[in-house]
Amino acid sequence: MTAAPIEIHDLTVSYDQKPVLWNIDIEIPEGALVGIIGPNGAGKSTLLKSVMGLLDPSSGWVKIYGDPIERQRATVGYIPQREEVDWDFPITVRDLVLMGRYGHLGLLRRPAAADREIVNNALEEVGMTSFADRQIANLSGGQQQRIFLARALAQESRVYLMDEPFAGVDATTEKAIVRLLKQMRAEKRTLLVVHHDLQTASEYFDHLLLLNRRLVAFGPTEEVFTEELLRKTYGGHLTVLSQAGEAIRQSRDGKK
Amino acid sequence: MSFVDQTAEFFANLVGYGSSPGSTISAVLGACLSGLTCGALGSFIILRRMSLFADMLAHAALPGVAIGFILAGSKSTPALLLGSLVAGLLAAALTRTITSYSRIKDDASLGITLSLFYAIGIWLLSWITRRGGDLGAKASGLNQYLFGNSAIITTVDLLFLASAALVVLAVIGLFFKEISSSIFDPSFTDSIGLPRKFFENLLLVLLTLVIVVSLKILGVILVAALLVIPPATAYLLTDKLPRMVLLSAVLGGLAGFGGVYLDFVLLLDEEGNGVGGGAAIVCLAFLGLMAAFLASPRHGVLGRYLRHKRLGLKTLRENLLTSAWRIGERGGELAAIPIADLASERGEEPSATRLLARRMNGSGWGHLQSDRLVLTPSGQERARTLMRGHRLWEIFLQREASLAPDHVHAGAEEIEHFLDAETVRELEELLDNPETDPHGKTIPPGEKS
């Protein structure tokens, strides 16, 4: 049996001695499009960062195709939250997307024509070609998210971890991202996406990972997107619950 | 000597014919090298938001200079440089320790370290002077490190400056993509396995190095200015990092040159002393920043003001065009609308309308002639386009934003000046090419293709 794209074993992560994630055990199957949902502070971003090796776990481990992340960096592409970077930084859209090639280049090597071609294609994919030579400031939230996505595409990875790619984007961008996610899944890539909107979660993802410090459930969407599991995930957050109830009703209606 | 004579003397020295070619050339070379290196490295420093940190490092070098002097027993350049290097790195470590192990934040911790190290430096310098004797006698000129003095630059100093410049430029050239990526997006840089921590520390070491070799020219108090002002100037002038680094290096070098020149012409006394050190360089660099702040095409205040004015004039002219169009619709002759009609359509005094109509001159859309607003074909075409955009937008607001017909005019009045051809096409498609607006007025047809 070949190793899973992502295997998380008994992972506990703490900030300042305070555990944020407890004993997480998951094996993500190849080609799954997974939505990570859970309330604020549930540890969704922390989970991605831990898989990426950006945080040191207090215990447990993560393996990518059977290896530690350090040996599989080129296999995994990461999209941080948009707010993490300074959008006044003096670089162009094209330069930002080109960063997606840096991991493949390694130290000292400069991008070649082939890398530039990959960047052009990635820009084309997200519909940002006409913005290529603009400075990254003055882009809308949706456009910023799209060039982050283009950078990830330029990485040509088999596994992607995306932190809230739908946060603060316009409807056109949301549609474009969904189309890209489905296309990437069709290419048998494995995708782990932090998502905050329950209304669309069941529609966009084929697997859901319900998280609230502990793993509440992980499985195919139709099995885990239930009122009971969502209640367990969100606890006493009443407004979210009624939202979830509505979402479940709609998704059931849709399937009839 | 007069200003002109001094200028002639300065340039004569530079080409080796004046009375003090050696010291002038050293001063100019030193200040230019220092400005260039600070400028290039400073670009990364301000983007990494380390300006205050740089200032702290500079002040912290002072006790290093004093201790280096005490240990070596002379003002040997390598000893003083080594001393300040060690002091700078210790100060950096202390700052980090304070923020990591207490709730004290970055700025406060920088302030604490800066003043502590500076105080120790001042105290040690006073102690050396007070102590007198052999050491005290050799110490004369040590306080030049406070404000800097390009006139006392030696060949050894130049060698250190040139080496530092080479190292800094080589590192920037070789690791440009790694350093810029580490600063712009730390998480992503970690995620692709580039050694970000290594590059952050490398930046810190280079910063300390550059500060230390520049101390003698700029002084501990002013050296940070050259790490901040030229890069900030370049930041206002360009949106591309490689250009920013290059431009900032050039600006730093120019400020160094200009500062030495000003000192030579205005401050030099008979013995060649009394030069103002970093002060003139810093003031010149600031003049450059002022110029960019005002006149930078994209990020300057003046440019923004002019764009605003131009937009105001365009809006004013376009409003006249739409008023004219409305009169034309009621049967008036669009090519030449009487000012009186225009004034009553707009609800103003004819004298006011006449003043506005005069401002049509130079637009290519029309002009005031025998008390009529004469519109050229391109003016009439623009009026039609504006009116079409205006009325399509009114329908859009009514249908999509569910506004009442009497609420849509004001919004359309603003947006009409900004609707481009593509948006209008989208509106046409969305609204299914309507022929009348919410007030029952005809929408001027689009261009025939």
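Just so you know, all these numbers are worked out from the coordinates, no wet-lab data involved. Predicted model, so just to flag it, every value in this text is computed and none were measured. Glycine also receives a Cβ, built like all others from the backbone with ideal geometry; neighbour counts cover every protein chain displayed.
Entry note: chain A has Rg to Rh equal to 0.97, where both radii use alpha-carbon atoms and Rh is the Kirkwood radius. Taking θ as phi - 60° and the Karplus parameters 6.51, -1.76 and 1.60, the scalar couplings of the stretch B:71-76 work out to 5, 7, x, 7, 8, 5 Hz in sequence order, x denoting glycine and proline.
Take each residue in A:132-142, count the other chain C-beta atoms within 10 Å of its C-beta, and the mean is 1. With neighbour counts taken as other beta-carbon atoms within 10 Å, the residues B:C38, B:C283 rank, fewest first, as B:C283, B:C38. Kindly write out, for the stretch B:175-180 in residue order, the coupling ³J(HN,Hα) from the Karplus curve 6.51 cos²θ - 1.76 cosθ + 1.60 (θ = phi - 60°), rounded to whole Hz, with x marking Gly and Pro. With the stated coefficients, the stretch B:175-180 comes to 10, 4, 5, 5, 5, 5 Hz.
Between A:K232 and A:D197, the FRET efficiency estimated from the beta carbon spacing at R0 = 25 angstrom works out to 0.85. Between helix A:141-154 and chain A there is an angle of about 70 degrees, using the helix long axis and the longest principal axis of the Cα atoms. Length gained on full extension, B:E333 to B:S115, computed as 0.36 nm times the residue gap minus the Cα-Cα distance: 70.7 nm. Summing +1 for each Lys or Arg and -1 for each Asp or Glu among the other residues whose beta-carbon sits under 15 angstrom from that of B:N13 gives -3. Taking every C-alpha pair closer than 8 Å and separated by at least 6 residues, the mean separation divided by the residue count of chain B gives a relative contact order of 16 percent. Under 16 Å from a label point set 7 Å out along the Cα-to-Cβ vector of A:E27, the amide N atoms of the stretch A:49-69 belong to A:61-67. Label positions at B:L294 and B:A72, each projected 7 Å from the Cα along the C-beta direction, are separated by 4.4 nm. Place a point 7 Å from Cα of A:A171 in the direction of its Cβ. Which residues in the stretch A:124-164 have their backbone N less than 15 Å from it? Zone members listed by number: none at all. Relative to the dominant Cα principal axis of chain B, helix B:278-295 is inclined by about 10°. Remark on B:A336: its backbone amide H falls under 5 Å from those of B:L375, a criterion applied only to residues 5 or more positions apart or on other chains, H modelled at 1.01 Å from N. Placing a pseudo-label 7 Å from each Cα along the Cα-to-Cβ vector at A:E187 and A:D16 gives an inter-label distance of 4.2 nm. Among B:D239, A:D67, A:D206, the ranking by other beta carbons within 10 Å of each residue's beta carbon, starting with the fewest, stands as A:D67, A:D206, B:D239. The H on the amide N of A:Q72, modeled in the peptide plane, is under 5 Å from the matching H of no residue at least 5 residues off or on a different chain. Sorted on the mean count of surrounding Cβ atoms within 10 Å across their residues, most packed first, peptides B:41-49, B:156-164 read B:41-49, B:156-164.
Cross-link partners of B:K75 among aspartates and glutamates, defined as those whose alpha carbon lies under 16 angstrom from its own and excluding same-chain residues fewer than eight positions apart: B:D134, B:D157. A helix-only calculation puts chain A at -11000 deg cm²/dmol for mean residue ellipticity at 222 nm, using -39500 (n - 2.57) for each DSSP H run of at least four residues, averaged over all residues. Structure shown: which of A:K188/A:K232; A:K44/A:K188; A:K49/B:K197; B:K309/B:K441; B:K177/B:K197; B:K216/B:K240 lie over 25 Å apart, alpha-carbon to alpha-carbon? A:K188/A:K232; B:K309/B:K441; B:K216/B:K240, as the Cα separations exceed 25 Å there. Phi-derived couplings, Karplus 6.51 cos²θ - 1.76 cosθ + 1.60 at θ = phi - 60°, listed residue by residue for the stretch A:55-72: 10, 8, x, 6, 7, x, 8, 10, 10, 10, 6, x, 10, x, 3, 4, 8, 10 Hz, with x used for Gly and Pro.
Taking the helices alone, chain B has a mean residue ellipticity at 222 nm of -25000 deg cm²/dmol, built from -39,500 (n - 2.57) per DSSP H run of at least 4 residues and averaged over all its residues. Within the shell defined by Cβ-Cβ distances under 12 Å, the residues around B:R330 carry a net charge of -2, with Lys and Arg each +1 and Asp and Glu each -1. Per the Debye formula with a single identical scatterer at each Cα and no solvent contribution, what log10 I(q)/I(0) holds for the stretch B:225-372 at q = 0.11, 0.17 Å⁻¹? Results for the stretch B:225-372 at q = 0.11, 0.17 Å⁻¹ read -0.63, -0.90.
The Kirkwood hydrodynamic radius of chain B, based on inverse pair distances between different Cα atoms, is 26.9 Å.
A straight chain from B:K197 to B:T99 at 0.36 nm per residue would run longer than the Cα-Cα distance by 33.5 nm.
When every Cα-Cα distance of the stretch B:384-432 is counted in 5 angstrom steps from zero, the calculated P(r) takes the values 5, 25, 34, 25, 11, 1 percent. Working value for the protein assembly as shown: equivalent-ellipsoid semi-axes of 55, 45, 20 Å, each the square root of 5 times a Cα gyration tensor eigenvalue, largest first. Orientation-averaged projection of the stretch A:110-211 equals 7.4 nm² [convex hull of Cα atoms, one quarter of hull surface area].
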